[in-house]
Amino acid sequence: MFDSMKSLALLRASQLVTLAGPKRPRVGQELSELGIIRDGGILIRDGKIESVGSSDEIEKKSKSADVVDLGGRLVLPGFVDAHTHLVFGGNRLDDFERRARGETYEQIAKAGGGIWSTVQKTRAASEEELFETAKKRADWFLRCGTTTIEAKSGYGLTLNDELKLLRVMRRLNDEISLEIVPTFLGAHAISRDMPADKYVDLVINEMLPRVAQEKLAEFCDVFCERGYFDIEQSRKILSAAKKLGLKARGHVDQLSNSGGAKLLAELGATTADHLEKTDEQGIAALAKANVQPVLLPGSVYALGLREYPRAREIISAGLAVVLATDFNPGSSPTPSMPMVLSLACTQMKMSPAEAITAATINAAYSLNRGDKIGSLESGKIANVAVFDCEDHRELAYWFGTPQTYSVYVRGERV
Ligand code: NIG
Ligand code: FE
């Protein structure tokens with residue numbers, strides 16, 4: 001019976017970036033400690049990491065394993081992307097062109113573009129169409145070295161259309177290698193079909209109970225912003241979600257400092273995302289409540305803005321920082337964590353090592369999966385990304401060219 005348990009040895013990594021360390025999200029100086037093994041190897045059995053060490057050590061334990069010589073390439077745990085909007089219809093090319101002409105995100109939204117235009121295209125698309133386009137995009141993530149993503153609904157804004165998006169994610173999880181952690185974001189924009197308070201009631205009384213009952217999401221998110229959901233509405237929605245067993249995340253202080261970070265601290269949310277406009281008090285509140293900040297520099301870059309979240313202050317305050325793509329058609333059309341690492345280093349003054357920690361083990365903890373993924377340690381799932389370079393700093397240094405060489409999910413090459 002043991003013959004069916006396939007083993008695989010990956011040997012001769014120039015740097016095996018293990019992220020081995022304390023079994024909790026990393027803060028402060030720990031963000032710089034990557035646990036690198038030079039000339040490293042991994043032994044994988046039955047989709048899990050059996051042991052990690054020097055190539056020679058691992059080779060000795062690999063008698064019956066298939067052996068892959070990585071030829072001195074860089075090895076990391078697969079990236080964990082903790083904030084994406086994977087499933088949607090159409091694109092936002094017109095918004096993109098308008099921004100190039102100088103219009104802002106909010107002006108374009110008012111003029112018929114923005115989230116609402118994607119909602120209309122998403123409603124018009126069948127579940128099958130949405131599945132096929134999302135599947136293609138899921139492949140982009142794998143090709144960038146990402147093996148787990150969080151994905152939000154939020155382009156349906158009716159009970160049936162939100163359920164449709166979450167069902168697409170469930171089917172993707174069953175059929176493709178990329179792991180998807182689903183989040184319900186019914187409160188992404190106020191539906192133009194009804195008054196705001198009626199829509200909030202619909203989210204609370206009809207959508208959330210169905211999502212919880214069908215176990216279609218692990219988290220609930222809200223876009224807390226002027227013109228979207230205010231503090232009171234956001235509090236009501238996230239509190240209702242918590243009662244149903246969903247954990248909270250939130251889009252806060254992206255375009256204006258509305259006190260969203262403080263609200264998420266008050267509610268004991270798992271993450272507070274964006275934070276471009278959060279002030280010191282907001283940062284202090286997140287630190288006190290142990291909320292993980294998810295920074296999304298891709299959206300600042302793609303909107304042509306200048307103000308990136310203040311990563312140095314956030315790290316100094318002792319927060320367990322996470323980096324993610326915010327992949328979405330409007331404000332951040334990139335699936336690339338290496339691109340995000342580049343932005344983190346050049347625009348937010350994070351070191352390459354801090355950025356890698358934020359994109360792997362810390363992101364894994366923010367999805368409640370810190371015990372299973374995000375580092376290369378024995379017992380963890382064998383999600384591994386191999387890059388065609390030698391030094392971990394090269395991931396953020398070379399930008400605009402893919403460096404992924406091979407990707408393994410549960411020990412299988414994808
Ligand atoms: O994270 N801020 C709200 N949601 C997305 C944008 C979505 C869209 O424009 O379609 C974001 O930036
Ligand atoms: Fe987002």
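The values are calculated or read from the model by the stated rules, or taken from the named source; none is laboratory data. Since we're looking at a predicted model, the values are computed, not measured. Every residue, glycine as well, gets a Cβ built from its backbone with ideal geometry; the counts of neighbours run over all protein chains shown. Heads up: the accessible areas ignore ligands, DNA and RNA and are worked out on the full protein's heavy atoms, side chains in. Shrake-Rupley method; radii C 1.70, N 1.55, O 1.52, S 1.80 Å.
Some notes on this structure:
- At least 3 residues being open to solvent by 10 Å² or more (accessible area, probe 1.4 Å) and either more than 16 Å from ligand 1 (Cβ to nearest atom) or in contact (Cβ under 8 Å) with a residue 60 or more places away in the chain (or both) is the threshold, and among the helices (runs of 4 or more DSSP H) wholly inside the stretch 204-302 those reaching it are 208-213, 231-243, 260-267, 280-289.
- Condition met for Ile356 (crowded, with 24+ Cβ neighbours inside 10 Å, of a type in the set (Val, Ile, Thr) and in a helix (DSSP H, G or I)): yes
- On inspection, Ala134 fails the criterion of being over 19 Å from the mean Cα position of the chain (by Cα) and either within 16 Å of ligand 1 (Cβ to nearest atom) or under 20 Å from Met207 (Cα atoms) (or both).
- Inter-residue pairs, beta-carbon under 6 Å, first part of a strand (DSSP E or B) and in the stretch 363-392, second of a type in the set (Gly, Ala, Ser), 6+ apart: Ala385/Gly78; Ala385/Gly145; Val386/Ser406
- Reported count of residues in the stretch 369-401, each being open to solvent by 80 Å² or more (accessible area, probe 1.4 Å), over 13 Å from Pro77 (Cα atoms) and touching a strand residue (DSSP E or B) at 6+ places or on another chain (Cβ under 9 Å), is 2.
- Residue match in the stretch 309-317 (condition: open to solvent by 10 Å² or more (accessible area, probe 1.4 Å) and either closer than 17 Å to Val80 by Cα or within 15 Å of ligand 1 (Cβ to nearest atom) (or both)): no
- Count of residues meeting criterion [on the phi < 0 side of the Ramachandran plot and out of contact with any Pro (no Cβ under 8 Å at 6 or more places or on another chain)] in the stretch 317-335: 10
- Sole exception among (1) within 16 Å of ligand 2 (Cβ to nearest atom); (2) touching a Pro at 6+ places or on another chain (Cβ under 8 Å); (3) not in a loop (DSSP other than H, G, I, E, B) for Ile314, by number: (1)
- Under the condition of being surrounded by fewer than 21 Cβ atoms within 10 Å (Cβ to Cβ) and not in a helix (DSSP H, G or I), the residues counted in the stretch 341-353 number 2.
- Residue in the stretch 14-35 that is touching a strand residue (DSSP E or B) at 6+ places or on another chain (Cβ under 7 Å) and farther than 30 Å from Arg312 by Cα present: no
- Some residue of the stretch 85-97 being surrounded by 21 or more Cβ atoms within 10 Å (Cβ to Cβ), more than 30 Å from Glu394 (Cβ to Cβ) and among the hydrophobic types (A, V, I, L, M, F, W, C): yes
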